[in-house]
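A short worksheet on the structure shown next.
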Amino acid sequence: MKVREIILDFTSLLDVVMIILFFFVLYSSIDTENATEKAKAAEASYTEMQEQNEKEQIEWRQKADEEWERILSADANAGKNQQALSAYNDGKGISFNLHEVEKGDVWTLSVLSGNKRIGEISSDDSKELKDKLKEMVKKAGYAPDDVIISTLTFNGNDFGTEAAVPTVEKAIMSIQREYKNLYFTTINISK
């Protein structure tokens, strides 16, 4: 019997392995690029979130500092506030009384300090209402740093006064920029 030699040819197998290895290397580099882009995007997002968080912390600290200053200021003004409340209880505050003169939009605002009438402002002076109100508060003897407790009274059944209330409230609020401790409430006496 003849012995045959068996020759194994791995050339085609080696070609297939090389092709598979080539595609593996090619696609892994594409995946690396995608992963790098995702990592850069995640890093940018994290940096943005961190900056936003730092900004919010700064804003929170500023608000906390402002609130702390307000509390300290309120505590420092406690004596003035108590005196103003006592004066108001004794009838020595400022009263703004809104009256309808005629049906429609003709009204009068009487300003009283305690029981003493300081002055009167008519609807004709509504463009100068802020300045007139400041003048009346000064006339009542109040300085910008005094604590002032006041009321704005009106009859809600009168159409003219009901319509004028927002205008008068806005004017009183505008003088609160100068008189920071001016407090007022609006009272509808029709109820």
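Since every read-out is calculated from the coordinates, none of them should be taken as a lab result. Just so we're clear, the structure is a prediction, and the values are computed from it rather than from any experiment. A quick note on method: Cβ atoms are made from the backbone with ideal geometry, for glycine too, and the neighbour counts reach across all protein chains shown.
Angle, helix 129-139 long axis vs. longest principal axis of the chain, Cα atoms, 0 to 90°, nearest 10?
With both axes taken from Cα atoms, the answer is about 60 degrees.
With the alpha-carbon atoms as the only input, what is the per residue convex hull volume for region 11-76 in Å³?
47 Å³
Can you order the peptides 92-99, 61-68 by their average number of other Cβ atoms within 10 Å per residue, highest first?
In decreasing order of mean packing, 92-99, 61-68 become 92-99, 61-68.
Hey, how much of the P(r) for the chain falls beyond 32 Å, as a percent of Cα pairs?
53 percent
Could you work out how far helix 78-89 tilts from the main Cα principal axis of the chain, as a 0 to 90 degree angle to the nearest 10?
It works out to around 40 degrees.
Counting only Cα, what are the radius of gyration and maximum Cα-Cα distance Dmax of region 80-188, in Å?
13.3, 42
As I understand it, the value is the acute angle between the Cα axis of helix 159-175 and the longest principal axis of the Cα atoms of the chain; what does it come to in degrees, rounded to 10?
70 degrees
Could you identify which residue out of N155, N81, N53 has the top mean-square fluctuation in a GNM of the chain using Cα springs shorter than 10 Å?
Per the Cα network of the chain with a 10 Å cutoff, N53 tops the list.
What residue among L72, S29, Y46 has its Cα farthest toward the positive end of the dipole of region 11-76, where the charges are +1 on Lys, Arg and -1 on Asp, Glu, each on the Cβ?
Going by the Cα projections, it comes out as S29.
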